[in-house]
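See below for the structure under consideration.
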Amino acid sequence: MLMAKDRKIPAPTPTLESEAFFKAAGEGRFLIKKCTACGKAHWYPRAICPFCSSGETEWSEASGKGTIYSYSVMRRVPEPFALAYVTLAEGPTMLTNIVDCDFDALKIGQDVTVVFKPSDGGPPVAMFKPL
Ligand SMILES: [Zn+2]
C-alpha cells in the first residue's frame, strides 16, 4: 500500500486562453471549452477548436467525472505521486495527477472525480481521486 500525501504543487501560469478556467477553479468549478460549431469539447483550453478550427468555442461546466486512461506512479521521489491521463465524461483526455488514494489500488478504467488542490502561490489545480 502506498498512500498519497499532499505535496507541494507548482503554481500554474494562467494564459489568456486558460484564465477563465483558473478563475472558476478558484471557486471550485470545473470548466472546459466546447465548440459550438462541431459540438466537441477539448482540453487544454483554446480559443480555436482543435477539431474543426472554428473560433466559436465557449466555456461549459463539466461534470468533473472521468476514467483513468493510463497512469504511472512516481515512486523514487521524496513524495510519490501518480501521473495519469484521465478521459473526461465530456470526451477530452487530460494529463493530471491522481490524489487522495492508495496508489497500489489504482486501475486503468477506474472511475474518478475532480478535486482541486491548492498550488504553491497560484490558482488551484484540477486533479482527480477515485470514486
Ligand atoms: Zn469544433
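The values are calculated or read from the model by the stated rules, or taken from the named source; none is laboratory data. As the structure is a computational prediction, the values presented were derived from the model and not from experiment. Backbone-built Cβ (ideal geometry, glycine too); neighbour counts: all protein chains shown. For accessibility, only protein heavy atoms count, side chains too; no ligands or nucleic acids. Shrake-Rupley method; radii C 1.70, N 1.55, O 1.52, S 1.80 Å.
For the stretch 2-36, enumerate the residues that are hydroxyl-bearing (Ser, Thr, Tyr) and in contact with a strand residue (DSSP E or B) (Cβ under 7 Å, 6 or more places away or on another chain).
THR36
Taking the conditions exactly as written (touching a His at 6+ places or on another chain (Cβ under 6 Å) and either in contact (Cβ under 8 Å) with a residue 12 or more places away in the chain or not in a loop (DSSP other than H, G, I, E, B) (or both)), does LYS8 satisfy them or not? Explain how you work it out, then say what you get.
Values: touching a His at 6+ places or on another chain (Cβ under 6 Å): no; either in contact (Cβ under 8 Å) with a residue 12 or more places away in the chain or not in a loop (DSSP other than H, G, I, E, B) (or both): yes.
In short, no.
From ILE9, ILE32, which residue is open to solvent by less than 30 Å² (accessible area, probe 1.4 Å), of a type in the set (A, V, I, L, M, F, W, C) and under 13 Å from the mean Cα position of the chain (by Cα)?
Numbers: ILE9 fails: under 13 Å from the mean Cα position of the chain (by Cα).
Just a single option satisfies the conditions, and that option is ILE32.
Let me confirm something: among GLU58, GLU17, which residue is within 13 Å of the ligand (Cβ to nearest atom) and open to solvent by 60 Å² or more (accessible area, probe 1.4 Å)?
Being within 13 Å of the ligand (Cβ to nearest atom) and open to solvent by 60 Å² or more (accessible area, probe 1.4 Å) holds for just one of GLU58, GLU17, which is GLU58.
May I ask you to list the residues in the stretch 21-55 that are hydrophobic (A, V, I, L, M, F, W, C) and either within 10 Å of the ligand (Cβ to nearest atom) or in a loop (DSSP other than H, G, I, E, B) (or both)?
Selection gives PHE30, CYS35, ALA37, CYS38, ALA41, TRP43, ALA47, ILE48, CYS49, PHE51, CYS52.
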